[in-house]
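**Q** Pasting a structure below so you can have a look.
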Amino acid sequence: VAYAGDNRGNMWKFNLTSATSSDEWSVAFGGQPFFMARPTTATTQPITTAPFWMQHPLGGIMLAVGTGQNLTTADRSTTATESIYALYDNSTFSVSGSAVTLTDALPINDAASNPSLPTSLVQQTVTAMLTDTDTASTRYYKSSSNPVVYSGSSPKRGWYLNWSIPKQRVLQHIRSFSGEKILVRSTVPKIGSSSTADVETCTPLPTSEG
């Protein structure tokens, strides 16, 4: 399988189990997204980085992905809240000889029945922020560790954390760090005039020829 997000907040899963790619590779979950990053029914959070995956202890796949984009000039000044999501895909596989069959579980949310953020995700919060003494622009965060129970009568499907600083977003791929930990980097885009050195700008610098 493969997972990918889009700038409308959809997390897609692709079924690549067939050896015949042109005819049988398809979007999993009946053609709908596995998850939609929608804090409200009217708000979507773009996904512009690759999700990070690892095996879940109960079987299936755990995905981690951050939201936010910085693709246009207007993106630098947007103050919409962005988030980190950890999502449990408890779909199953079966193998018979050389054939692999994927049986999808339920998506976490879908546009028809639950278009906004589902209650099956447990919210985590930023509890402290520390500034690196060597680089004042680098900060480290501590967060809550509210329990996420993946089994039982009302199993959860993961957790999420909203960034605490306006304009904060994830623009770099999440990567592994020290065993089963992950490293998530967030960014607050610079904003200002193109004549200032310490700003982000898409305006080309003037050139001169001798």
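**Q** All but one of (1) of a type in the set (A, V, I, L, M); (2) at pLDDT 90 or above; (3) closer than 25 Å to Thr48 by Cβ hold for Val149; which doesn't?
**A** Of the numbered conditions (1) of a type in the set (A, V, I, L, M); (2) at pLDDT 90 or above; (3) closer than 25 Å to Thr48 by Cβ, the odd one out for Val149 is (3).
**Q** Just to be sure before I move on: is Leu102 open to solvent by less than 80 Å² (accessible area, probe 1.4 Å), under 30 Å from Ala19 (Cβ atoms) and part of a strand (DSSP E or B) in the structure I sent?
**A** Here the answer is yes, as Leu102 does meet what is asked.
**Q** Mind checking which residues of the range 38-55 are of a type in the set (A, V, I, L, M, F, W, C) and open to solvent by less than 60 Å² (accessible area, probe 1.4 Å)?
**A** Ile47, Ala50, Phe52, Met54
**Q** Are any residues in the range 32-66 of a type in the set (Val, Ile, Thr), in a loop (DSSP other than H, G, I, E, B) and under 17 Å from Asn109 (Cα atoms), and if so, which ones?
**A** Thr41, Thr44, listed by residue number.
**Q** If you take the residues of the range 114-146 that are modelled with pLDDT under 90 and within 17 Å of Leu87 (Cβ to Cβ), which of them is least open to solvent (accessible area, probe 1.4 Å)?
**A** Pro118
**Q** So, one more: Across the range 1-31, which residue is modelled with the lowest pLDDT among those that are within 14 Å of Ser91 (Cβ to Cβ) and assigned to a loop (DSSP other than H, G, I, E, B)?
**A** Looking at residues that are within 14 Å of Ser91 (Cβ to Cβ) and assigned to a loop (DSSP other than H, G, I, E, B), I get Thr17.
**Q** Considering each of Gly152, Gly97 in turn, give the residue that is open to solvent by 70 Å² or more (accessible area, probe 1.4 Å), at positive phi, without any contact (Cβ under 8 Å) to a residue 12 or more places away in the chain and not hydroxyl-bearing (Ser, Thr, Tyr).
**A** Gly97
**Q** Now, a different point. Right, Val65: in contact with a strand residue (DSSP E or B) (Cβ under 9 Å, 6 or more places away or on another chain) and at pLDDT below 90 or not?
**A** no
**Q** Being among the charged types (D, E, K, R) and open to solvent by 50 Å² or more (accessible area, probe 1.4 Å) is the filter here; which residues of the range 1-37 pass it?
**A** If the condition is that a residue be among the charged types (D, E, K, R) and open to solvent by 50 Å² or more (accessible area, probe 1.4 Å), then Arg8, Asp23, Glu24 are the ones that fit.
**Q** Continuing with this model, one more query. Can you tell me which residue in the range 7-31 is farthest from Ser83 (Cα to Cα), limited to those that are within 17 Å of the chain's Cα centre (by Cα) and touching a residue at least 40 places away in the same chain (Cβ under 8 Å)?
**A** Among them, the one singled out is Lys13.
**Q** Give Ile108, Ile191 a once-over and let me know the one that is surrounded by 16 or more Cβ atoms within 10 Å (Cβ to Cβ), touching a Lys or Arg at 6+ places or on another chain (Cβ under 7 Å), assigned to a loop (DSSP other than H, G, I, E, B) and modelled with pLDDT under 95.
**A** Ile108
**Q** Looking for whichever is of a type in the set (A, V, I, L, M), at negative phi and surrounded by 16 or more Cβ atoms within 10 Å (Cβ to Cβ) here; the options are Leu58, Leu87. Which one fits?
**A** Checking each option against the conditions leaves just Leu87.
**Q** Also: Quick one: how many residues across the range 40-80 are over 13 Å from the mean Cα position of the chain (by Cα), under 15 Å from Val170 (Cβ atoms) and not charged (D, E, K, R)?
**A** Adding up the residues that qualify gives 4.
**Q** If you don't mind, another one. Regarding Ser176, is this residue of a type in the set (Gly, Ala, Ser), under 20 Å from Phe52 (Cα atoms) and either modelled with pLDDT of 90 or more or surrounded by 11 or more Cβ atoms within 10 Å (Cβ to Cβ) (or both)?
**A** yes
**Q** Of all residues in the range 155-168 being in a loop (DSSP other than H, G, I, E, B) and out of contact with any helix residue (DSSP H, G or I) (no Cβ under 8 Å at 6 or more places or on another chain), which is least open to solvent (accessible area, probe 1.4 Å)?
**A** It comes out as Gln168.
The values are calculated or read from the model by the stated rules, or taken from the named source; none is laboratory data. From a predicted model like this one, the values you see are computed outputs, not experimental measurements. In this analysis, Cβ positions are derived from the backbone assuming ideal geometry, glycine residues included, and neighbour counts consider all displayed protein chains. To get the accessible areas, we keep the full protein, side chains included, count just its heavy atoms, and leave off ligands, DNA and RNA. Shrake-Rupley method; radii C 1.70, N 1.55, O 1.52, S 1.80 Å.
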